[in-house]
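Report on the structure given below.
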Amino acid sequence: MKFSISREALLRPLTLVAGVVERRQTLPVLSNVLIEIEGDQVALTGTDLEVELVGRTVASHVEQEGSATLPARKLMDICKSLPEQAEIQLGVEEGRAVLRSGRSRFTLSTLPVAEFPSIEDGEGSQELSVPRGTLKHLIESTSFAMAQQDVRYYLNGLLLEIQSNLLRAVATDGHRLSMCSRSVEVSVEQPHKLIVPRKGILELARLLDDSDEPVSLTLGSTHIRAHTGDFTFTSKLIDGKFPDYERVVPRNGDKVLLAERAELRQVLSRTAILSNEKYRGVRLYLEPGNLKVMANNPEQEEAEENIAVEYNGPAMEIGFNVGYLVDVLTVLNEDRIQMTLADPNSSALMEEPGGGDALYVVMPMRL
């Protein structure tokens, strides 16, 4: 294998592919990136056995086709540190990779290509194409509520639900739930429910932009695959049953308040400074026209803020984890927020005024 390529042409796919590669690996070859040259096409592959990403780019000159695996992070750091518009020559000589650029020369170790694992092609049962911006919006609106390392492994991911003309994303960690639905032009014989693991969702989001360009999805029984431009992303699915999220959404709230989103977010963020560092609880006192937010901590420190809201129901007090409320106010991009409550022991429903394509449920805290 021996080829030349510009620094920029190599760096973008390499940076994305290296993001999949884990630093601490059980198999040494998993910290490497697989480089394959065919014609003038360069394919870079990174995997952690759960998620695989293939990025493609074009070489400026190919002397010899072939393949090799190189340490992903070191290769990326070298490319980043080279001057812009630099030309890179990369070849394998006597089992080592040699990278030359200008007056620089780096020798990197390689591992056998045969040891590099690939995620097996499962049977793709359904193919469909959706706008990249739509899928990105769904992920960004919901992924913050995914669990991290929960023993209920099916919560450590995002539910993608695909029905005819509807795409929905749902995430929950047991304390809060986020759901976003968008209508898309797809037809499926039966609804699909896929739980994509947390890492797969975060890597997929990095590949998407806000355009209407399509991303083609292949849904298998154990994998999901996405093609966007020069990248092919594959992720294993979590085998489990996602909770019945419809039952979690509160329908009986009769106390509705409207507030300025940015202002409420600032008030909650300031109050949070003096909340208990472990539980992060804040108290909301709701009364006609006003919302009082209070927090205190074991050091007997207290914070109190008042914010004008549109509300004309009975007075009420309810506690929440302030981080959960701030997360919702961060992803919603409307100017105002609507919050629907029933009583101090029932979950709050947060959404755009009048309801938008996303809704959020936050469980209360006993304080």
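For a quick protection proxy, order the peptides 287-296, 78-87, 163-172 by their average other-Cβ count within 10 Å, most packed first.
Details: 287-296: 17.1, 78-87: 13.2, 163-172: 19.4.
Highest mean packing first, the order is 163-172, 287-296, 78-87.
Which percent of the accessible heavy-atom area of the chain goes to carbon and sulfur, probe 1.4 angstrom? Please list the in-between numbers first.
Working: 8040 of 18010 Å².
Of the solvent-accessible surface of the chain, carbon and sulfur hold 45 percent.
Report, ordered by chain and residue number, the lysines lying within cross-link reach of Lys255, taken as a straight Cα distance under 25 Å and ignoring same-chain residues fewer than 8 apart.
Result set, ordered by chain and number: Lys292.
Report the convex hull volume per residue for the chain, counting only C-alpha atoms, in Å³.
Numbers: hull volume 63.3 nm³, N = 367.
Hull volume over Cα atoms, normalised by residue count, gives 172 Å³.
What value, in deg cm²/dmol to 500, does the helix sum -39500 (n - 2.57) over DSSP H runs of n ≥ 4 give at 222 nm once divided by the residues of the chain?
On the way: 6 runs with 67 residues, N = 367.
Computed mean residue ellipticity for the chain: -5500 deg cm²/dmol.
What whole number of Å gives the distance from the Cα centroid of segment 128-146 to the Cα centroid of segment 282-333?
For segment 282-333 versus segment 128-146, the Cα centre distance is 29 Å.
Roughly how tilted is helix 261-272, in degrees to the nearest 10 and between 0 and 90, from the longest Cα axis of the chain?
Helix 261-272 sits at roughly 90 degrees to that axis.
Along the positive direction of the dipole of the chain (beta-carbon charges: Lys, Arg +1; Asp, Glu -1; about the Cα centre), which of Ala303, Leu14, Thr218 reaches farthest?
Ala303
Which value, in Å², gives the accessible area per residue of segment 282-367 when a 1.4 Å probe is used on the protein heavy atoms? Don't skip to the answer; put the middle values down first.
On the way: 3970 Å² over 86 residues.
So segment 282-367 comes to 46 Å² accessible per residue, rounded to a whole number.
I'd like to compare 269-282, 240-253: which one has the highest average count of other Cβ atoms within 10 Å, and what's the full order after that? Working shown, then result.
On the way: 269-282: 16.8, 240-253: 12.1.
With the highest mean Cβ count within 10 Å placed first, the list reads 269-282, 240-253.
Any idea what the relative contact order of the chain is, in percent, if you count C-alpha pairs under 8 Å spaced at least 6 apart? Display every interim value, and only then the final one.
Values: 865 pairs, mean separation 47.4, N = 367.
That works out to 13 percent.
Got a sec to turn the phi values of segment 188-197 into Karplus ³J(HN,Hα) couplings, 6.51 cos²θ - 1.76 cosθ + 1.60 with θ = phi - 60°, whole Hz, x for Gly and Pro?
In residue order, the calculated couplings are 10, 5, 9, x, 10, 10, 10, 9, 8, x Hz.
Let me check I've understood the local charge: for Leu167, count other residues with C-beta under 11 angstrom from its C-beta, Lys and Arg +1, Asp and Glu -1. What total comes out?
Numbers: positive: Arg168, Arg182; negative: Glu161, Glu185, Asp357.
My count for the surroundings of Leu167 gives -1.
Which whole-Hz ³J(HN,Hα) couplings does segment 309-319 yield from phi under the Karplus relation 6.51 cos²θ - 1.76 cosθ + 1.60, θ = phi - 60°, glycine and proline marked x?
So the Karplus estimates, Gly and Pro as x, are 9, 8, 7, 9, x, x, 5, 7, 10, 8, x Hz.
Can you give me the angle between helix 198-207 and the longest principal axis of the chain, using Cα atoms only, in degrees from 0 to 90, rounded to the nearest 10?
Relative to the chain, helix 198-207 is tipped by roughly 70 degrees.
When Lys and Arg each count +1 and Asp and Glu each count -1, what net charge do the other residues less than 11 Å away from Glu36, Cβ to Cβ, add up to? It would help to have the intermediate numbers written out before the result.
Numbers: positive: Arg56; negative: Glu38, Glu65.
Surrounding charge for Glu36 is -1.
For the chain, find the longest principal axis of its Cα atoms and tell me its angle to the long axis of helix 72-81, 0 to 90°, nearest 10.
Long axis of 72-81 versus the principal axis of the chain: about 90 degrees.
The values are calculated or read from the model by the stated rules, or taken from the named source; none is laboratory data. Please read these numbers as outputs of a predicted model, since none were measured by experiment. We place every Cβ from the backbone using ideal geometry, glycine too, and count neighbours over all the protein chains shown. Surface accessibility is based on the protein's heavy atoms, side chains included, excluding ligands, DNA and RNA. Shrake-Rupley method; radii C 1.70, N 1.55, O 1.52, S 1.80 Å.
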